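Notes follow once the structure below has been shown.
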Amino acid sequence: MEDEDYTIAGFEPVFLSALEHYSYCPRQCALIHVEQTFDENIYTLRGRAVHQRVHEVDSFSEEGVRVEHSLALWSNRLGLVGQADLVEFHEGVPYPVEYKYGKYRERDIEHAAVQLGGQAICLEEMTGIAVPKGAVYCHNSHRRYEITITSELRSKVQAITAAVRAMLLAGELPPPANDKRCRNCSLNAVCMPSAIGDGSKARSLVAGLFRL
Amino acid sequence: MEQLLNTLYVMTQGAYVRLDHETLKVEVEGSTQVQVPLHHLGGIICLGNVLISPGVIHACADDGRFIVMLDHVGRFKARVVGPTTGNVLLRRAQHKALDDSQKTLAIARNLVAGKIRNARTIVLRGAREAEEKEDEAGLRETANRLACSLSHLERSTAIEEVRGIEGEAARTYFSSFARLIRADRAAFTPKGRTRRPPRDRINALLSFLYALVLTDCLAAAEGVGLDPQVGYLHTLRPGRPALALDLMEEFRTVLADRVALTLVNRRQITPDHFEERPGGSVYLNDSGRREVAVAYQKRKQETVTHPLLERAEPLGMMPHIQARLLARTLRGDLPEYPPFTYR
């Protein structure tokens, strides 16, 4: 069993979605993939509603382009597993499209690009066909951002995959970022970035506990 | 976690709770009495002979809503739990902390400090509102003794010592509980704290409220992936939710005692809301439990500022926040467990 080989050898499979989480914030990634906490807020709920449509496994053809929804992806070379929201096959060449929802801003595309890069690497390994491009689709603006799968992006995917794996094996949680990233983070209430901070707030609160 | 959802209490004997699409319907003798969208609810508590359909049970398990079954007097019987989720590493840390006497001591000590501070807050408020000089003096004396317990606590070096201080503080607090009652003292003066069974009206009221608080603390512990049986202040016993009982210590006075006192002092609860059984045990009756459940729900909606989060949140969220902070402490994110205290 392939799955069991990974875990027995201490070679944890890394979820494609974890690449984006880690790129955005290592702690967010650890909260989801190490701590297995997931908190829903309005953005993730909306996201789920969008995904319910995208995430029905099916395939169809439109104007000569074959489209696969919810395609299972893997790379044995990097130890990546996951799913593509959508893969288009343009004359046989895979073109992954990753759906993003909520307040997705252009500057966050770089993090989604890492996930997309991971998908491209998986598709190359699975089909034996080079995947030069893909896209990130922002649901709220109905815009597609095309991403070129450059060699820089490929090395970034490789480096982040290794970092995520190390984190999963260590089972530890990086400290909170406690910066502007935290504002729209769906895990804010779980992460408690400002309350935890560097621990000094809790320390002084506890120190004052016994004095009136 | 972001918002406090309502708990539906179904207390009508023979009621049937079923799902109609995304709406929960409570039927009594074939006619719908209550209708509420499922997504407005954090959980369902059924008292006594209440039927609940598999559809409701499945939907609740899927979304992490709790269903708790209590018997007709509010004693815990069962709860519906979905698949084991969450964090095995957290549970490991929870067990390891129990084997580390310094960690156990630190957590238990802070929990008890929270409890004593919150008890003292209620006592001082009672002193300010007292109508008789004698009550005011008695309550101030109790507050001083609680302050003494707090300073003993700071110097405690063993868990047994912490438990001893907690017990003494609880006795001090209950010994002057009668002074906090201003209405109908003839009917509502407690004779100390009696449980299993409660032997006077105040104790019946408190026992029922504590069952409600415990249910919320259990849900809070489960919700963050903690093992509700592995506690630090409360010793481990098979079947005892020691961690939920630990978490509850900070909330007994804030969530339960306060509600009990308000109900009695405003004469919303009267002797008519109780029944006495042969031999001297006392229980709330059906209308009494309804009155209390409504008051408890209202209390949970009141907002307070959390001492560490420095953010206004409904009181009902506090057990969840504290469970989260305990989890964060166990996982090494926080240097010490910060208990919930309020002014």
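General observations
- Once the stretch B:7-48 is narrowed to residues that are within 26 Å of B:S287 (Cβ to Cβ), loosely packed, with under 15 Cβ neighbours inside 10 Å and touching a strand residue (DSSP E or B) at 6+ places or on another chain (Cβ under 8 Å), the residue that is farthest from the other protein chains (Cβ to nearest Cβ) is B:G14.
- Of the residues contained in the stretch A:179-196, one or more are found to be over 18 Å from the mean Cα position of the chain (by Cα), open to solvent by 70 Å² or more (accessible area, probe 1.4 Å) and closer than 20 Å to A:Y24 by Cα.
- Take the conditions (1) part of a helix (DSSP H, G or I); (2) touching a residue at least 12 places away in the same chain (Cβ under 8 Å); A:R107 misses just one of them, which is (2).
- Check on B:R79, in contact with a strand residue (DSSP E or B) (Cβ under 7 Å, 6 or more places away or on another chain), in contact (Cβ under 8 Å) with a residue 12 or more places away in the chain and of a type in the set (D, E, K, R): yes
- Pairs with Cβ under 6 Å, 6+ apart, first in the stretch B:1-20 and more than 23 Å from B:V73 (Cβ to Cβ), second at pLDDT 90 or above and surrounded by fewer than 20 Cβ atoms within 10 Å (Cβ to Cβ): B:R18/B:K25; B:R18/B:S53; B:L19/B:G55
- In the stretch B:120-168, of all residues being under 19 Å from the mean Cα position of the chain (by Cα) and either away from chain A (no Cβ under 13 Å) or surrounded by fewer than 18 Cβ atoms within 10 Å (Cβ to Cβ) (or both), the one that is farthest from A:G208 (Cα to Cα) corresponds to B:G167.
- Residue identified as more than 18 Å from A:F15 (Cα to Cα) and either over 19 Å from the mean Cα position of the chain (by Cα) or touching a residue at least 60 places away in the same chain (Cβ under 8 Å) (or both) among A:V114, A:V93: A:V93
- Sole residue being among the aliphatic types (A, V, I, L, M), away from every other protein chain (no Cβ under 14 Å), part of a strand (DSSP E or B) and touching a helix residue (DSSP H, G or I) at 6+ places or on another chain (Cβ under 7 Å), chosen from A:V131, A:V136: A:V136
- Taking the criterion of being open to solvent by less than 10 Å² (accessible area, probe 1.4 Å) and over 17 Å from the mean Cα position of the chain (by Cα), the residues of the stretch B:254-281 that qualify are B:V264, B:I269.
- The listed residue being assigned to a strand (DSSP E or B) and open to solvent by 40 Å² or more (accessible area, probe 1.4 Å), out of A:F60, A:F89: A:F60
- Scanning the stretch B:314-327 for residues being free of Cβ contacts under 8 Å to residues at least 40 places away in the same chain and either open to solvent by 10 Å² or more (accessible area, probe 1.4 Å) or within 16 Å of B:L5 (Cα to Cα) (or both) gives a total of 1.
- Residue list for the stretch B:300-338, filter: hydrophobic (A, V, I, L, M, F, W, C) and within 9 Å of chain A (Cβ to nearest Cβ): B:L308, B:L309, B:I321, B:L325, B:A327, B:L334
- Pairs where the first residue, in the stretch A:186-212, is within 7 Å of chain B (Cβ to nearest Cβ) and the second is part of a helix (DSSP H, G or I) and among the polar types (S, T, N, Q), C-beta under 9 Å, 6+ apart: A:K201/A:S194; A:A202/B:T329; A:V206/B:N110; A:L209/B:N110; A:F210/B:S151; A:L212/B:S151
- Residues that are touching a residue at least 60 places away in the same chain (Cβ under 8 Å) and under 13 Å from B:A256 (Cα atoms), drawn from the stretch B:276-305: B:V292, B:A293, B:Y296, B:Q297, B:K300
- Boolean, B:T341 is β-branched (V, I, T) and either open to solvent by less than 10 Å² (accessible area, probe 1.4 Å) or away from every other protein chain (no Cβ under 14 Å) (or both): no
- Test result for B:V56, assigned to a loop (DSSP other than H, G, I, E, B) and either farther than 30 Å from A:V34 by Cα or open to solvent by less than 30 Å² (accessible area, probe 1.4 Å) (or both): no
- Any helices (runs of 4 or more DSSP H) falling wholly within the stretch B:165-284 and containing at least 1 residues that are β-branched (V, I, T), closer than 30 Å to A:I32 by Cα and in contact with a helix residue (DSSP H, G or I) (Cβ under 8 Å, 6 or more places away or on another chain): B:201-223
- Residue match in the stretch A:150-167 (condition: at pLDDT 90 or above, within 14 Å of another protein chain (Cβ to nearest Cβ) and more than 30 Å from B:R343 (Cβ to Cβ)): yes
The values are calculated or read from the model by the stated rules, or taken from the named source; none is laboratory data. From a predicted model like this one, the values you see are computed outputs, not experimental measurements. Note that we place each Cβ from the backbone using ideal geometry, even for glycine, and neighbour counts take in every protein chain shown. Surface areas here come from the heavy atoms of the whole protein model, side chains and all, with no ligands, DNA or RNA. Shrake-Rupley method; radii C 1.70, N 1.55, O 1.52, S 1.80 Å.
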